[in-house]
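The values are calculated or read from the model by the stated rules, or taken from the named source; none is laboratory data. Since we're looking at a predicted model, the values are computed, not measured. Glycine also receives a Cβ, built like all others from the backbone with ideal geometry; neighbour counts cover every protein chain displayed.
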Amino acid sequence: MQRFDQQVAIVTGAARGIGKAIARRLGKEGAQVFLMDLLEIQLQETVEELSQEGYLVQAIPVDICQENQVKSAIQRVAESTGRIDILVNSAGIIGLTNTNIVDYDLATFEQVHRVNLTGAFLLTKYTIPSMLSQQYGRILHIASIGGKEGNPGMIGYAASKSGLMGLVKGVGKEYAGQGITVNGLAPAVIATPMNQDTAPETLAYMASKIPMGRLGTVDEVASIACWIVSKEASFNTGFVFDLSGGRATF
Ligand SMILES: NC(=O)c1ccc[n+]([C@@H]2O[C@H](COP(=O)([O-])OP(=O)(O)OC[C@H]3O[C@@H](n4cnc5c(N)ncnc54)[C@H](O)[C@@H]3O)[C@@H](O)[C@H]2O)c1
């Protein structure tokens, strides 16, 4: 018997990085996993890789900012499997880095919010009804230490992740009595392809803040993420968990 046997999971941002590692771990522990991302080719390659490792995985290309795409993708999962037990939303973008607010353009600020916050809103809104019908569900959004403590030069990202934490705390309370938990995770810097989109100055600043003196790994994220979305995590909701190598102080 494995932790996620008979369970259906959706993971967004699953083509690479943290989402891919979480999808792999869920698959390895028995879940049927639907991987969503807008990088269609990379998503397909990831699904082939995980299938070859023996896991039950399927790709659904989705732009999480588009309401019609999110709605139909989630409906497709619910109709084909009859249930959705887990949603892990790891899709996200960093936007501008090493750029103070006076030089930060509105279009980028709004785009970062569209992906990191509106996308999370849409995914949560359309997943909850399936979870309600079974009176069970686990939702996890990947936030960031930047949303808790702020990082200079990347204000769009920090503000969107703070907003995401507000969403987690509010929705967690809405469904706390109906078997559904909604939580967040706030990692410090993790070694992933996202780091290539980050200015070296910003990356160095964030890395220097970690008392353990190293970046986190995607396997470390997958480990705590899978506990948060497991049945074992039955008294935790509306909370943002830490994964920061000692950076977060509360
Ligand atoms: N890497 C870090 O240091 C770090 C630290 C804290 C939090 N996070 C958060 O963790 C999550 C995963 O980050 P990562 O490091 O794996 O990044 P990544 O860039 O490697 O992966 C993010 C994935 O999200 C997908 N994505 C982006 N916009 C999308 C959209 N509109 N619709 C669907 N998919 C979309 C991308 O195509 C990509 O595959 C993000 O939310 C990020 O903000 C990352």
Considering (1) buried (at least 16 other Cβ atoms within 10 Å of the Cβ); (2) within 19 Å of the chain's Cα centre (by Cα); (3) over 23 Å from His113 (Cα atoms), say which one Arg247 fails and leave the rest.
(2)
Going by the structure shown, is Val33 under 18 Å from Ser223 (Cα atoms) and outside any loop (DSSP other than H, G, I, E, B)?
yes
Residue ID - farthest from the ligand (Cβ to nearest atom), chosen from residues in segment 1-30 that are closer than 19 Å to Ile142 by Cβ and part of a strand (DSSP E or B):
Ala9
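I'd like the full set of residues that are over 16 Å from the mean Cα position of the chain (by Cα) and not hydrophobic (A, V, I, L, M, F, W, C), limited to segment 166-194. Even if it seems obvious, please write down each step before you answer.
Kept after step one, since they are over 16 Å from the mean Cα position of the chain (by Cα), are these residues of segment 166-194: 170, 173-180.
If the condition is that a residue be over 16 Å from the mean Cα position of the chain (by Cα) and not hydrophobic (A, V, I, L, M, F, W, C), then Gly170, Lys173, Glu174, Tyr175, Gly177, Gln178, Gly179 are the ones that fit.
Of these, Lys173, Lys231, which one is more than 14 Å from the ligand (Cβ to nearest atom) and in a loop (DSSP other than H, G, I, E, B)? Can you show your working first?
Numbers: Lys173 fails: in a loop (DSSP other than H, G, I, E, B).
Criteria check complete, one pass: Lys231.
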Pull up segment 126-172, narrow it to residues that are touching a helix residue (DSSP H, G or I) at 6+ places or on another chain (Cβ under 7 Å) and of a type in the set (Phe, Trp, Tyr), then point me to the one that is surrounded by the most Cβ atoms within 10 Å (Cβ to Cβ).
Tyr157
Ile139 meets each of (1) in a helix (DSSP H, G or I); (2) under 16 Å from the mean Cα position of the chain (by Cα) with one exception, condition (1)
Matching residues in segment 36-80 (of a type outside the set (Asp, Glu), away from the ligand (no atom under 14 Å from the Cβ) and in a loop (DSSP other than H, G, I, E, B)) number 3
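Sort through Thr118, Thr181, Thr99, Thr124 and tell me the only one that's more than 13 Å from the ligand (Cβ to nearest atom), assigned to a helix (DSSP H, G or I), at pLDDT 95 or above and β-branched (Val, Ile, Thr).
On the way: Thr118 fails: more than 13 Å from the ligand (Cβ to nearest atom); Thr181 fails: assigned to a helix (DSSP H, G or I); Thr99 fails: assigned to a helix (DSSP H, G or I).
Going through Thr118, Thr181, Thr99, Thr124 in turn, the sole match is Thr124.
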What's the number of the condition Thr97 fails, among (1) crowded, with 17+ Cβ neighbours inside 10 Å; (2) under 19 Å from the mean Cα position of the chain (by Cα)?
(2)
